[in-house]
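The values are calculated or read from the model by the stated rules, or taken from the named source; none is laboratory data. Remember, predicted model here, so these are calculated numbers, not experimental data. When we count neighbours, we look across all protein chains shown, and the Cβ atoms used for this are built from the backbone with ideal geometry, even at glycine.
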Amino acid sequence: MPNVVVVGTQWGDEGKGKVVDVLSGRASAVVRFQGGNNAGHTLVVEGQKMVLHLLPSGILRDHCVSVIGNGVVVDPGALLEEMKELEVSGKVLQPFDDLWISHRAQVVMPYHLALDRLREEARGAARIGTTCKGIGPTYEDKVARRGITMGEVTVPTILRKRLEEVLPEKNRMMEEWYGAPSLSVDEIFERYAALGERLRPYVGDATGRLHQVMAEGGSLLFEGAQGSFLDVDHGTYPYVTSSNTVAGAACVGAGVGPTHIHEVVGITKAYTTRVGSGPFPTEGKPDEEAWLRERGSEYGATTGRPRRCGWFDAELVRQAVRINGVTRIVITKLDVLTGLERIPICTGYEGDAYGVEGLAGVTPKYEYAQGWEQDISACRRLEDLPKDCRVYLNRLEELVEAPIEMISVGPDREEVIIEGKLFASIQ
């Protein structure tokens, strides 16, 4: 298998976890390259639902090297809890024998969590909709060169020195700006030194391990979090995440050059959802949202928040194809649309989506596709799908200007239709 980057082409929650899980059957290593535990990938394996927040989806494959790259921000306590839950589930066949955490990955500290919550509360009605997991403040410290890395957390003398350097400023911010209590160096040190000791066996030169895999003839699968329009540069700023979510970030967040990337797979839901605040041109009416939400179980994997739901936005996905260099499209949750009499498709906008106002200043232009009534969850070939379903897919492919080569018709690992050569190789 070639080296593949998997990205979301909307606002996240497109079903990347399932696609990575399917592709990981042939990959030698799966790499998480950005984000933190503010997002989750939901997998259904043999009817059992599992949600991964920091661990790469390949952790469920016993032959895969699993890498948390330098571009990720890691909450050590959350990571250990996730590892424990997987061990209890019995789905990790070789528990973390080949898990690598980059020693360069930044660590989410208690003051990041506190400041994230305090800032969001202070915004009031103008809140961004962050998960308050400390992700933004951690990336902020990384760029400001005052962050603490996973490598430093595993060395007590360095950890204590770094806390003594950083914490006075954080305490002053919390006390003077927000009237919040200060934090103790001793308490944070005691807790994080213990966490670092437990994670020490997995922390090291993750980039070097990836290059070793390639030197041995293996393939890499890069897994991002969120979606293209939550990218801090290309998304609906300021209603975005704090990292780069597009395909180019895989190189930086893992330490692999762009010449090693062979394919970019864009994951696209058959409709559109968004969590949190920000513009959403194709957001449905309340009754339409409620129907899509219940049919598609559209609740955040990390927060449980109900997702905002609406119709397929071809202009949005077409732009994602461009900025990511998408070579193949996967359509997920097509089965959710079964039963609709007609299905709206946004083909473009009135207004300038790429101007100063961005998506906040546009009105969607719709056309309508004929719906279908038949259950499609058992379909395994394109020709098994109802004619109107195939017409809908053909129109989406035409509009987004990229080939659709895999279609998810249900939540389980096996409920897919494989069309393209990349995916056919893993059947």
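Pull up the stretch 252-283, narrow it to residues that are under 24 Å from Pro411 (Cα atoms) and among the aliphatic types (A, V, I, L, M), then point me to the one that is nearest to the chain's Cα centre (by Cα). Applying the filter and picking the extreme gives Ile267.
Within the stretch 12-68, count every residue that is part of a strand (DSSP E or B), of a type outside the set (Ser, Thr, Tyr) and touching a strand residue (DSSP E or B) at 6+ places or on another chain (Cβ under 6 Å). Total satisfying the criteria: 12. Counting the residues of the stretch 347-385 that are in a loop (DSSP other than H, G, I, E, B), in contact with a Gly (Cβ under 8 Å, 6 or more places away or on another chain) and among the polar types (S, T, N, Q) gives 1.
Within the set Gly40, Gly136, the sole residue that is outside the structural domain of Ser277 (by TED's automatic domain parsing) and modelled with pLDDT under 80 turns out to be Gly40. Is there a residue being within 23 Å of Leu230 (Cβ to Cβ), out of contact with any Asp or Glu (no Cβ under 8 Å at 6 or more places or on another chain) and not in a helix (DSSP H, G or I) anywhere in the stretch 414-423? No, every residue in the stretch 414-423 fails to be within 23 Å of Leu230 (Cβ to Cβ), out of contact with any Asp or Glu (no Cβ under 8 Å at 6 or more places or on another chain) and not in a helix (DSSP H, G or I). Collect the residues in the stretch 96-112 that are farther than 26 Å from Lys170 by Cα, in a loop (DSSP other than H, G, I, E, B) and not charged (D, E, K, R), keeping them in residue-number order. Listed by number, the list holds a single entry, Phe96. Taking the stretch 206-255 as the range and being in a helix (DSSP H, G or I) and among the small types (Gly, Ala, Ser) as the test, the residues that pass are Ala206, Gly208, Ala215, Ser228, Ala249, Ala250, Gly253, Ala254.
I'd like to verify a number: residues in the stretch 193-205 that are part of a helix (DSSP H, G or I) and within 17 Å of Met83 (Cβ to Cβ), how many? Adding up the residues that qualify gives 9. In the stretch 1-11, the residue that is nearest to Val107 (Cα to Cα) out of those that are among the hydrophobic types (A, V, I, L, M, F, W, C) and in a loop (DSSP other than H, G, I, E, B) is Trp11. Identify, please: which residue in the stretch 9-37 is closer than 25 Å to Glu397 by Cβ and of a type in the set (Val, Ile, Thr) and is, among those, modelled with the highest pLDDT? Among them, the one singled out is Thr9. Could you say which residue among Ser57, Ser66, Ser89 is of a type in the set (Ser, Thr, Tyr), more than 13 Å from the chain's Cα centre (by Cα) and surrounded by 24 or more Cβ atoms within 10 Å (Cβ to Cβ)? Selected residue: Ser66, the only one of Ser57, Ser66, Ser89 that is of a type in the set (Ser, Thr, Tyr), more than 13 Å from the chain's Cα centre (by Cα) and surrounded by 24 or more Cβ atoms within 10 Å (Cβ to Cβ). Only one entry of Glu419, Glu383, Glu398 meets the criterion of being assigned by TED's automatic domain parsing to the domain that holds Leu337, within 21 Å of Ser24 (Cβ to Cβ) and either over 23 Å from the mean Cα position of the chain (by Cα) or crowded, with 17+ Cβ neighbours inside 10 Å (or both), and that entry is Glu419.
Return a yes/no flag: does the stretch 284-294 have any residue that is buried (at least 19 other Cβ atoms within 10 Å of the Cβ) and either touching an Asp or Glu at 6+ places or on another chain (Cβ under 6 Å) or part of a loop (DSSP other than H, G, I, E, B) (or both). For the stretch 284-294, residues buried (at least 19 other Cβ atoms within 10 Å of the Cβ) and either touching an Asp or Glu at 6+ places or on another chain (Cβ under 6 Å) or part of a loop (DSSP other than H, G, I, E, B) (or both): present.
If we scan the stretch 340-357, do we find a residue that is modelled with pLDDT under 95, surrounded by fewer than 16 Cβ atoms within 10 Å (Cβ to Cβ) and under 26 Å from the mean Cα position of the chain (by Cα)? For the stretch 340-357, residues modelled with pLDDT under 95, surrounded by fewer than 16 Cβ atoms within 10 Å (Cβ to Cβ) and under 26 Å from the mean Cα position of the chain (by Cα): present. For the stretch 360-374, the condition of being under 17 Å from Arg328 (Cα atoms) and of a type outside the set (D, E, K, R) holds for none of the residues. Of everything in the stretch 360-381 that is in contact with a strand residue (DSSP E or B) (Cβ under 6 Å, 6 or more places away or on another chain) and of a type in the set (A, V, I, L, M), the residue that is nearest to Phe229 (Cα to Cα) is Val362.
With respect to Lys421, is the statement that it is in contact with a Ser or Thr (Cβ under 6 Å, 6 or more places away or on another chain), among the basic types (Lys, Arg) and free of Cβ contacts under 8 Å to residues at least 60 places away in the same chain true? In short, no. Scanning the stretch 133-165 for residues that are free of Cβ contacts under 8 Å to residues at least 60 places away in the same chain, assigned to a helix (DSSP H, G or I) and surrounded by 15 or more Cβ atoms within 10 Å (Cβ to Cβ) yields a total of 10.
Here is a yes/no grid of residues against (1) in contact with a Ser or Thr (Cβ under 9 Å, 6 or more places away or on another chain); (2) free of Cβ contacts under 8 Å to residues at least 40 places away in the same chain:
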residue	(1), (2)
Gly255	yes, no
Ala270	yes, no
Val275	yes, no
Ala290	no, yes
Arg293	yes, yes
Arg308	yes, yes
